[in-house]
Amino acid sequence: MKKTLFVILGLVILVGLYVGATYNGLVTRNVTADTEWKQVETEYQRRFDLIPNLVESVKGIMKQEQAIFTAIAEARTRYSGAVTTAEKAAAASQVESALGRLLVITENYPQLKSSDTVQSLMSQLEGSENRVSVARIRFNNTVQSYNLKVMRFPSSMVASMFGFDEREYFNATEGAEKAPEVKF
């Protein structure tokens, strides 16, 4: 009788340790995913801080391209008003689309290519785009690790007991695979 009680108590302790360790692992992965998303947002903010300087530098030379400047401003406004990860990702993709059109235009204007200010800002923007890409990759890798833990048995049982749900990946918006088209 005592042996059976000790075996049962031992099993309860082992299950409790497993549940506790799994719970802590899920919390850690979830917080890490939140942190990685904050890094994506930080890189977006860096990009958004550079954009007005680039736009103002280019505006003086290109008065006829107001539609692109308006699209950039509207996309930045949408991003600042976005609340969810999906809304922010969609707004960021709109900014990328408008920036793509702006980059195509700057390639077609020799006076822009020769402007040191524009070239410097373009270089900073390219660096910012690389940082955004790296931050997105890290976020998606972290989300993948978390989601696998949430989905795999037996940790999936602990995840469902404590309300851990799968997280959304950062996905490019539809049509992002197409290069921006600018017609003169």
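The values are calculated or read from the model by the stated rules, or taken from the named source; none is laboratory data. Owing to the predicted nature of the structure, the values given are computational and were not obtained by experimental measurement. Cβ sites come from the backbone with ideal geometry, for glycine too, and all protein chains shown count toward neighbours.
Things to note:
- Among the conditions (1) modelled with pLDDT of 80 or more; (2) closer than 26 Å to Thr42 by Cα; (3) surrounded by 13 or more Cβ atoms within 10 Å (Cβ to Cβ), the only one that Val104 does not satisfy is (1).
- Within the stretch 47-78, if we keep just the residues that are modelled with pLDDT of 80 or more and of a type outside the set (S, T, N, Q), the residue that is surrounded by the most Cβ atoms within 10 Å (Cβ to Cβ) turns out to be Arg78.
- Condition check for Glu36: at pLDDT 85 or above and either of a type in the set (Lys, Arg) or surrounded by 15 or more Cβ atoms within 10 Å (Cβ to Cβ) (or both): yes
- Filtering Phe139, Phe164, Phe170, Phe184 for residues that are at pLDDT 75 or above and either exposed (fewer than 13 other Cβ atoms within 10 Å of the Cβ) or part of a helix (DSSP H, G or I) (or both) leaves a single hit, Phe139.
- Of note, Ala92 satisfies the criterion of being under 15 Å from the mean Cα position of the chain (by Cα), at pLDDT 75 or above and of a type in the set (Gly, Ala, Ser).
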